[in-house]
Amino acid sequence: MDILYPRIELARLPAMIGVSLLGALLAGIYGAVHDQISYSISAEYFTKLKFHQFSYANFGFHPRIFAAEVGFLASFWVGMIVAWFLARVGLTQIPQPERRIVTVRAFLIVFASAFVLGTCGALLGWARAKSGDLSSWQTWERTLQLTDLPSFVIVAYLHNGSYLGGLLGFIAAAIYVRRCCKAHQHD
């Protein structure tokens, strides 16, 4: 596998595209649900920050729908890239039906890691908010004119934990896929 100049067998390309599209769809759905939970904790995280970042996609829907849209838009492309790289490291070299099992497990590794570390992030944010010392967040509070800084902090930690979890999950899933691919080559 040459990372800089990838050589992809034409026969593998449809499976790689299929895996990438599936990854995009699942990540988008995860992002939409994730942002519904986030919105429930801190609507200001969206109304004062995310909605401005994604203003190009505001079609005037209810804020909850817009939050789901933001989650989908922020996540689908990451899922597509992660799935593409999982396919590149060998996922599509594994024959069916074993490929389906390995694909599901690889996606579950990424999902579980993002979920667990996102939850840990939210708990850390909650502990930070409960500590009462949010002085390092005062610039955010002033700049965005926040009225509920503790909830904003919890969601910020939740999102950062999810990002870290997604990255670590991708690395773990890539290692898992490589091992499965190598084990299959030796069969």
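The values are calculated or read from the model by the stated rules, or taken from the named source; none is laboratory data. What you see is a predicted model; the values in this text were computed from it and never measured. Every residue, glycine among them, receives a Cβ derived from its backbone with ideal geometry; neighbour counts consider all protein chains shown. Ligands, DNA and RNA are excluded from the accessible area calculation, which covers all protein heavy atoms including side chains. Shrake-Rupley method; radii C 1.70, N 1.55, O 1.52, S 1.80 Å.
Inter-label distance, Q145 to A172: 4.3 nm, where each label sits 7 Å from its Cα along the C-beta direction. Can you tally the net charge around P150? Count Lys and Arg as +1, Asp and Glu as -1, for every other residue whose Cβ sits under 13 Å from the Cβ of P150. Summing Lys/Arg as +1 and Asp/Glu as -1 gives -2. Report, in deg cm²/dmol and to the nearest 500, the calculated mean residue ellipticity at 222 nm for the chain, where each DSSP H run with n ≥ 4 adds -39500 (n - 2.57) and the sum is divided by the residue count. Only helices count here, giving -25500 deg cm²/dmol.
For a modelled paramagnetic label at L164, 7 Å from Cα along Cα-to-Cβ, the residues of segment 78-119 in reach, with backbone nitrogen under 11 Å, are 117-119. Pop out the carbon and sulfur fraction of the accessible area of the chain as a percent, whole number, probe 1.4 Å. About 69 percent, which is the carbon plus sulfur part of the accessible surface. The Stokes-Einstein estimate for segment 135-187, based on a Kirkwood radius over Cα pairs and taken at 4 °C with 1.567 mPa s viscosity, is a diffusion coefficient of 92 µm²/s. When the chain is treated as a GNM, springs tying every alpha-carbon pair under 10 Å, which of A32, A156, A11 comes out with the largest mean-square fluctuation? Top of the fluctuation ranking is A11. Close amide H pairs (under 5 Å, H built 1.01 Å from N) link F54 with no residue at least 5 positions away or on another chain.
Once Rg and the Kirkwood radius are both taken over the C-alpha atoms of the chain, their ratio Rg/Rh works out to 1.07. In this structure the chain gives 57 Å² per residue of accessible area when probed at 1.4 Å with all protein chains present.
Does segment 39-134 come out rounded, prolate or oblate by the C-alpha gyration tensor, with a ≥ b ≥ c the root eigenvalues, rounded set by a/c under 1.5 and, if not, prolate when a/b is larger than b/c and oblate if not? The shape class here is oblate. The length gained on full extension between L123 and K182, counted as 0.36 nm times the residue separation minus their Cα-Cα distance, comes to 17.4 nm.
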